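Quick notes on the structure that follows.
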Amino acid sequence: MDIQTLLHEPRFFYAIAFVLFFVLFGRRIWRPLVAMLDQRAARVRDDLEGAARLRREAEQMLAEARRERDAALADARTMLENARVESARIAEAAQREADLVAQRRERMAQDRIAASERAAVNEIRVIAADIATQAARAVVAESLGEAGDQALIDRAIAGLPAAFATRVAA
């Protein structure tokens, strides 16, 4: 193409205008554009650093929460084992106490039974003595008559001074 046709071509002027625009205004436009892109890159970098920092903090918090959970589980296991031991000790103490109470009640019952037996034996002795006395009276009354009674009474009266004398000497 020759220069003459080139000068009448609108695309040629567009290209020259484009190049001149960038030559004249390129630095003025380029600097703010680069500065804006640098600011955006810095913001993105800061956001990424903040996200990384938050992630590290979250991982630390997760690790701490796991440690606390493990410690709580260990404490719970310890408390459960202590509760089992304590309940076994309490059950054993309650069993011993129940055995002692049962033994005391058994002794008290045996003492009551023994006292009742002694009272019954004494009552039977008294009744037997009364029956024996009544039987002896009946036998003596049948075997002795009025004369025998009088002789027996006379002998008892005669033996009283001697009985008193031995009684006073003792």
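The values are calculated or read from the model by the stated rules, or taken from the named source; none is laboratory data. Small disclaimer: the values here were computed from a predicted structure and weren't measured. Because the Cβ atoms are built from the backbone with ideal geometry, glycine has one as well, and the counts that use them run over all protein chains shown.
A few remarks follow.
- Among the residues of the range 1-23, those identified as loosely packed, with under 10 Cβ neighbours inside 10 Å and of a type in the set (A, V, I, L, M) are M1, I3, L7, V23.
- Residue check for A162: out of contact with any Ser or Thr (no Cβ under 8 Å at 6 or more places or on another chain), surrounded by 10 or more Cβ atoms within 10 Å (Cβ to Cβ) and part of a helix (DSSP H, G or I): no
- Options Q60, Q95: the member that is assigned to a helix (DSSP H, G or I), surrounded by 10 or more Cβ atoms within 10 Å (Cβ to Cβ), at pLDDT 95 or above and polar (S, T, N, Q): Q60
- Test: residue in the range 41-53 that is over 60 Å from the mean Cα position of the chain (by Cα) and not polar (S, T, N, Q): yes
- Out of A136, A132, A76, sole residue that is among the aliphatic types (A, V, I, L, M) and over 30 Å from I153 (Cα atoms): A76
- Condition check for E142: at pLDDT 90 or above and either in a helix (DSSP H, G or I) or under 56 Å from the mean Cα position of the chain (by Cα) (or both): no
- Flag if I124 is modelled with pLDDT of 80 or more, hydrophobic (A, V, I, L, M, F, W, C), under 60 Å from the mean Cα position of the chain (by Cα) and assigned to a helix (DSSP H, G or I): yes
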